Amino acid sequence: MHSTIKVDLGSQSYHVCARSNGLEELGSLMGELNLGKKVLLVSNQSIFRHYGENAAASLESAGFEVGSCILPPGEQYKTLNSVQRIYGAALENRLERSSTMLALGGGVVGDMTGFAAATWLRGINVVQVPTSLLAMVDAAIGGKTGVNHPLGKNLIGAFHQPRLVLIDPDVLKTLPGREFRSAMAEVIKYGVIWDAELFQKLEESKRLDRMQFVKPDLLAEILRRSCQAKADVVSKDEKESGLRAILNYGHTIGHAVESLTGYKTINHGEGVAIGMVAASRIAVELGMWDEKCDRRQLALIEKAYLPVKLPAGIDVEEIVKTLQIDKKVQDGKVRFVLPTAIGAAGVSDRVNGDLILQVLRQMF
């Protein structure tokens, strides 16, 4: 696989490069960007064990001085305390304004490293090397960075675009099955809101629950189309003042479910899947799209073995309460991304609490 997609943001433009054996090219690709010589490689224990040495060797062969900061894995560690550890490593390695933080890992590592880079010395370079499918198709692209607050997901953050995103699909061979399924929620999302042809290709695949059942050409298509969709939307609306909000499809209720289960029971993609099921039903109730589209989406989510019901014991009224502190609230109203056709979506503030409760109560 070999593709390059440009995220067109004027002076902040960058490329998303997908390369088989891409880790070996990391040093040479970064060498072309005229970055400073110091690089802080941020990862978690399990990812670093698999790929840290290869990444560091590639950087060192290109003349970079490499330090590292290894964090514990898991969404529960996506906090300001972990960012403080990155700052400590930045100080220890004497990073300068021309230096680079490199995120080697999934979305959690990418978000925290991006936020640390955005705020260290008032902003230094960051390079994203995503190692999960979810991060490849979503989190690593677009410059959204941040950490969680005890009361809500990603409430603390900044926009900080990377200098490069390098995707090496070969690293997915060590991706656990649950993480692959989680990523399929974001892929299905792109099909619903932006790319009807991607949606149809997913429908044609017999299975979407494990990587070994997804043919290599479909995996390449998933990566290319998902990255292109994200790049297209971000290029048109970097700071989420309009169009970019559609990328939050499924995330409003999804984030609330993640938060209320302590980031331990439901992972990000599973939360998004539940959120898409809810948003789809809300759209049907409001007459924005039809039952047939709702069933087609539901069938894809079930094909990926993702949850379509709320976890037992969760309080639906607490979900509605949590929505009020979501980042997408405007003028006191929760703004929902709702589908209007396969491949199209819009943002609505017509969704009242009673309708949300009605839909959620049907989802146990």
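The values are calculated or read from the model by the stated rules, or taken from the named source; none is laboratory data. Because the structure is predicted, anything quoted here is derived from the model rather than measured. Here the Cβ is made from the backbone with ideal geometry for all residues, glycine too, and neighbour counts use every protein chain on show.
Here are some residues: Ile246, Ile222. Which one is touching a helix residue (DSSP H, G or I) at 6+ places or on another chain (Cβ under 7 Å) and either within 19 Å of Glu179 (Cα to Cα) or not in a helix (DSSP H, G or I) (or both)?
Ile222
Does Gly67 fit the bill of being assigned to a strand (DSSP E or B), under 17 Å from Val129 (Cα atoms) and outside the structural domain of Ile222 (by TED's automatic domain parsing)?
Here the answer is yes, as Gly67 does meet what is asked.
Could you go through the stretch 109-117 and let me know if any residue there is touching a helix residue (DSSP H, G or I) at 6+ places or on another chain (Cβ under 9 Å), under 16 Å from Leu35 (Cα atoms) and surrounded by fewer than 24 Cβ atoms within 10 Å (Cβ to Cβ).
Checking the stretch 109-117: not a single residue is touching a helix residue (DSSP H, G or I) at 6+ places or on another chain (Cβ under 9 Å), under 16 Å from Leu35 (Cα atoms) and surrounded by fewer than 24 Cβ atoms within 10 Å (Cβ to Cβ).
Is it true that Ala62 is under 29 Å from Gly152 (Cβ atoms), among the aliphatic types (A, V, I, L, M) and surrounded by fewer than 23 Cβ atoms within 10 Å (Cβ to Cβ)?
no
Hey, can you tell me all the residues within the stretch 184-200 that are part of a helix (DSSP H, G or I), buried (at least 17 other Cβ atoms within 10 Å of the Cβ) and out of contact with any strand residue (DSSP E or B) (no Cβ under 6 Å at 6 or more places or on another chain)?
Result: Met184, Ala185, Glu186, Val187, Ile188, Lys189, Tyr190, Gly191, Leu198, Phe199.
When only residues in the stretch 287-310 that are assigned to a loop (DSSP other than H, G, I, E, B) and under 21 Å from the mean Cα position of the chain (by Cα) count, which is surrounded by the fewest Cβ atoms within 10 Å (Cβ to Cβ)?
Out of the qualifying residues, it is Val308.
On the basis of being assigned by TED's automatic domain parsing to the domain that holds Lys206, of a type outside the set (D, E, K, R), more than 24 Å from the chain's Cα centre (by Cα) and surrounded by 13 or more Cβ atoms within 10 Å (Cβ to Cβ), does Val284 make the cut?
Answer is yes for this residue.
Counting only residues that are polar (S, T, N, Q) and part of a strand (DSSP E or B), which one in the stretch 1-45 is nearest to Gly74 (Cα to Cα)?
Asn44
Do you know which of the residues in the stretch 165-183 that are touching an Asp or Glu at 6+ places or on another chain (Cβ under 9 Å) and under 21 Å from Val234 (Cβ atoms) is surrounded by the fewest Cβ atoms within 10 Å (Cβ to Cβ)?
Ranking the candidates gives Leu166 first.
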